[in-house]
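Down below is the structure, laid out as structure tokens.
We did not get these values from a lab; they are worked out from the coordinates using the rules stated. All values reported here derive from a predicted model rather than from experimental measurement. Note that we place each Cβ from the backbone using ideal geometry, even for glycine, and neighbour counts take in every protein chain shown.
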Amino acid sequence: MNKKIRQRMSPNVILLGIVSMLNDLSSEMIMPILPMFIQSLGGGSLAIGVLGGIRDSLSSLLNIVSGYMASRTGRKKIFVFIGYFTSALFKLLLALSNTLGLAMLVSSLERLGKGLRNAPRDAIIAESMSEDKGRAFGLHRFFDTTGAIFGSVFVLVLLWIFKLSFKNILIVASGLSFICLIPIAFVKEKRTAAQQQVSSSSSSAIPSGLKIFLFIAALFALGNFSYMFFVARAKGIFESEKLGNWAYILPVLLYVFFNIFYAGFALPLGSLADKIGKRNVIILGYLFFAITCFGFIFVTSTIGLAVLFAIYGISLASVDGNQRALVSDLAGTIAKSEALGLYHTFIGLAALPAGLFAGLLWKYLAPSATFVFGSALGLSCAAILFLFRRCLDQKQYTPDILPR
């Protein structure tokens, strides 16, 4: 099976998948312990919400800039390299942080690299595959999340067996983050005459179907608050059971479980999206996210948490890569890097209020209020996307297409 997939896939997709896998090996050593690291420096739920929102916002808001510059210059690979290098540099600075303010600042700035690389990288993936974009992005998410699994397992070993402190784990992770720069050198960037023509156009109208989907994706992002709330909720449940050091280990183990399901379902759901429609799989992902949040309102057991983290992984596997693939399909006459830059920017505009609002609900009402909010928006976005399905099924996207 793997051999068949490799024959069909562009080498660029595989190489960029390896880059993401190596980068996430480093990043995912940090992500499951980041909320606990912030708490160890004196931060609470509000600090976690603000940090999660800022991290997502900074990375996404830069995508429109990098996407625009990549389409205008015709050079995407250099933005991909600079983006990964920037992330590696700020991971090193995060490892050296010893105050809450500095840790939040550096952790936020680390996402600048993601903002610089995402749109150009996704554009290279989309342009490397004339068909089966859902499968291509699904394979990329598989590589990405496989790195996340190994990173999460590695940090679990460092916590459980070697009993390293959070700071020492961050130092190890920052040292590994520079390795992912190596495969980028082998990516072959192609620039055809058609791409040059699109890149030189600055007045192309955004297709109406893309506008509608950008709104829906941004609305979902408003409720798709940071994973850190799910980890913090699990940690709180384990602390209430007085499990000692296991209160730190089990949330990381659940995060590994989440990534296993994310990686395992990313490619199959990408392939399914190519067959039955990306919109349908995305709706399924929105519903799974709503179910996850609804379950977190009531969950109290380890088994219940494991089931919900698994569903959470399936929901993101349904949504993440397929939303990007659908944006590429809806781009119309504008450059894919610009369309993907707009997509990431809309997501970023929603990320900061999402994290802030989730943190405020958690702090001033109850943790369950945060998950009620996420569940409600997940259901709403699934309904809206279904309602506007005709706009996203048309080959020509014009303003007069309205749902019936």
Quiz item: By how many degrees, 0 to 90 and rounded to 10, does the Cα axis of helix 133-160 deviate from the longest principal axis of the chain?
Solution: 20 degrees
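Taking only C-alpha pairs under 8 Å that are 6+ residues apart, what is the relative contact order of the chain in percent?
29 percent
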Quiz prompt | GNM result for the chain, Cα springs below 10 Å: residue of Ile64, Ile212, Ile125 fluctuating most strongly | solution = Ile212
Quiz item: Under unit Cβ charges (Lys, Arg +1; Asp, Glu -1), what dipole magnitude, rounded to 20 debye, does the stretch 79-175 have relative to its Cα centre?
Solution: 300 debye
Self-check item: Cβ-based exposure ranking for Glu338, Glu239, in which fewest neighbours within 10 Å come first
Solution: Glu239, Glu338
Exercise. Among Met104, Ile54, Gly83, flag the residue with its Cα farthest along the positive direction of the charge dipole of the chain, charges on Cβ as +1 for Lys/Arg and -1 for Asp/Glu.
Key: Gly83
Practice problem: Under a 10 Å cutoff between Cα atoms, tell me which one of Gly374, Gly236, Gly359 has the largest fluctuation in the Gaussian network model of the chain. | Solution: Gly236
Quiz item: Packing-wise, with mean Cβ within 10 Å as the measure, how do 272-283, 309-320 rank, highest first?
Solution: 309-320, 272-283
Quiz item: Of Ser368, Phe230, Leu170, whose Cα points farthest to the positive end of the dipole of the chain (charges on the beta-carbon: +1 Lys, Arg; -1 Asp, Glu; origin at the Cα centre)?
Solution: Leu170
Quiz item: How far is helix 367-387 tilted off the main Cα axis of the chain, in degrees rounded to 10, range 0 to 90?
Solution: 20 degrees
Quiz item: To the nearest 20 debye, what is the magnitude of the charge dipole of the chain about its Cα centre, counting +1 on the Cβ of each Lys and Arg and -1 on the Cβ of each Asp and Glu?
Solution: 720 debye
Exercise. Please find, in a Gaussian network model of the chain (springs between Cα atoms separated by less than 10 Å), the residue of Asp144, Asp24, Asp329 whose mean-square fluctuation is greatest.
Key: Asp329
Quiz item: Expressed as an acute angle from 0 to 90° and rounded to the nearest 10, what is the orientation of the C-alpha long axis of helix 112-128 relative to the principal long axis of the chain?
Solution: 40 degrees
Quiz item: Can you give the helix-only mean residue ellipticity at 222 nm for the chain, where every DSSP H stretch with n ≥ 4 adds -39500 (n - 2.57) and the sum goes over all residues, rounded to the nearest 500 deg cm²/dmol?
Solution: -26500 deg cm²/dmol
